[in-house]
Amino acid sequence: MSQQENAPTRRDGFRTKWGFILACIGSAVGMGNIWMFPQRVSKYGGATFLIPYFLFVFLIASSGVIGEMGFGRGTRSGPIGAFGKAFKNRGLNPKTGEALGLIPVLGSLALAIGYSIVVGWIMKYTFGAFTGATLNPPLIDIEGTMTGGVPAFGTAFDGIARAFGNNMWLWLGLIVCFVILLFGIGNGIEKANKIMMPLFFFLFLALGIYVAFQPGAADGYRYIFTFNIEGWKDPKVWIYAMGQAFFSLSIAGNGTLIYGSYLSDGEDIPNSARNVAIFDTLAALLAAFVIIPAMATTGVQLDSGGPGLMFVFLPNLFQGMPGGPIVAIVFFVAVLFAGMTSLINLFEAPIATLQERFGLDRAKACLAIGGIGIIIATLIQGIISPWMDAVSIYVCPLGAAMAGIIFFWIYGDKNVRAELQKGRSKPLPVWIMPLSKYVYCVLAVAVLVIGGIWGGIG
């Protein structure tokens, strides 16, 4: 028997149901929840945006998320092995499936490399929150001009968001990430998420309670719950709600699939997917309930998202708030937990691929991927924006679309139903298969096509 055929018997795995769920939540909860979701809620009309968003979360969690979890568990493989086995089951050339499976693996690695730069920024700002540097940027910019307020924070961020601008913190973030990964699934990923995810929710809840008592915060809450049915006539509301839900749930044919491959047959996948969707949505809502009311206390409209919101506008806001230094510490520690758990998930797919395809042990696979990650991430710091755009707009949606089509259309209805029925006391709902085949797969392709035309919708 070949080495690859023996691989499933040696695979590490999650020790508990909630260990798996928390790991999936950690993978899903990331920067999209924190620096993009609040901005879109603000820009597209509060509840006017939230209702379509909730709809798409339900649709995608009930199809795409359970599909990737089931695909991984059913094949006990990462994307390459899973795609190959699906093709073989259908009587097709497995090598073709394996070649296609390489795309989401490379996408996961590329996204992880880019994301590690962001985590490096977060680590620097977290440390600076404790020392006071984050809320006290230099008042003289690089050109020697006196500045202050938002421009000062912008100049400080520009100083690290450039070529070779944040090497030490980038390397430190990657070292921490790979130390966790080195311990494997049960002792590394599961334990890390059991610590970081509950702390993330606790810290953001504490921030939400604090912000609620600030003067003017009520205006922010009032806006969040504003609904205007006329807003639904704008296709951007629906398209960006779809994109936000799609990317927030970490659908890309890699991370969720590989976590599913470590899942026992006794676990109820639809139930796990529902829990992931609920907690990911709660994380996004917590971020919105913190950031939008906080901005409202200053009378400033939240009209921009992305890194600028988190590293420029929010530190400037915290600086002027009562207890601002404490708020900054709590915020950036929580964000660091969210970033680190997502980064761990992204690196796991390429690590598992080296273990499965080349028979490397865990340490050698981590060392190889870690070395690649450190070198490339260090070199691309100056082009991080186009790098992340290329991966998130094209590669990730392509991986998700391929995983959905291959699992729900090629793997076979009988195999899909049997896999998703495992661990359930009740029959699989009859609507899951048509929803997955005829709605989700179309949505995944639509995210790829529209994202390519619009320059990204996630």
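The values are calculated or read from the model by the stated rules, or taken from the named source; none is laboratory data. In this text, all values refer to a predicted model and were calculated from it rather than measured experimentally. FYI the Cβ positions are ideal-geometry reconstructions off the backbone, even for glycines, and counts take in every protein chain you see.
Quick notes on this structure:
For (1) crowded, with 20+ Cβ neighbours inside 10 Å; (2) of a type in the set (D, E); (3) in contact with a helix residue (DSSP H, G or I) (Cβ under 8 Å, 6 or more places away or on another chain); (4) modelled with pLDDT of 90 or more, each residue gets a yes or a no:
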position	(1), (2), (3), (4)
G186	no, no, yes, no
M197	yes, no, yes, yes
F202	no, no, no, yes
A206	no, no, yes, yes
Y210	no, no, yes, yes
Q214	no, no, yes, no
R222	no, no, no, no
I229	no, no, yes, yes
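Each row is one residue, and each column tells you yes or no for (1) more than 30 Å from L182 (Cα to Cα); (2) of a type outside the set (V, I, T); (3) exposed (fewer than 15 other Cβ atoms within 10 Å of the Cβ).
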position: G370; (1), (2), (3): no, yes, no
position: I375; (1), (2), (3): no, no, yes
position: V395; (1), (2), (3): no, no, no
position: A400; (1), (2), (3): no, yes, no
position: V416; (1), (2), (3): yes, no, no
position: C441; (1), (2), (3): yes, yes, no
position: I450; (1), (2), (3): yes, no, no
position: I453; (1), (2), (3): yes, no, yes
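- The residues of segment 172-184 that are surrounded by fewer than 21 Cβ atoms within 10 Å (Cβ to Cβ) and at negative phi, listed by number, are L172, I175, V176, V179, L182, F183.
- Segment 75-112, residues that are small (G, A, S) and crowded, with 22+ Cβ neighbours inside 10 Å: S77, G78, G81, A82, G84, A86, G97, G101, G107, S108, A112
- Test: residue in segment 267-282 that is assigned to a loop (DSSP other than H, G, I, E, B), surrounded by fewer than 24 Cβ atoms within 10 Å (Cβ to Cβ), modelled with pLDDT of 85 or more and not basic (K, R): yes
- Taken together, the residues in segment 161-171 that are surrounded by fewer than 14 Cβ atoms within 10 Å (Cβ to Cβ) and either out of contact with any Ser or Thr (no Cβ under 8 Å at 6 or more places or on another chain) or within 17 Å of A112 (Cα to Cα) (or both) amount to 3.
- When I375, I384 are screened for being under 21 Å from P350 (Cβ atoms) and at pLDDT 95 or above, only I375 passes.
- Reported count of residues in segment 113-155, each being in a helix (DSSP H, G or I), at pLDDT below 90 and surrounded by 15 or more Cβ atoms within 10 Å (Cβ to Cβ), is 6.
- Failed condition for L55, given (1) surrounded by fewer than 24 Cβ atoms within 10 Å (Cβ to Cβ); (2) within 23 Å of the chain's Cα centre (by Cα); (3) modelled with pLDDT under 95: (3)
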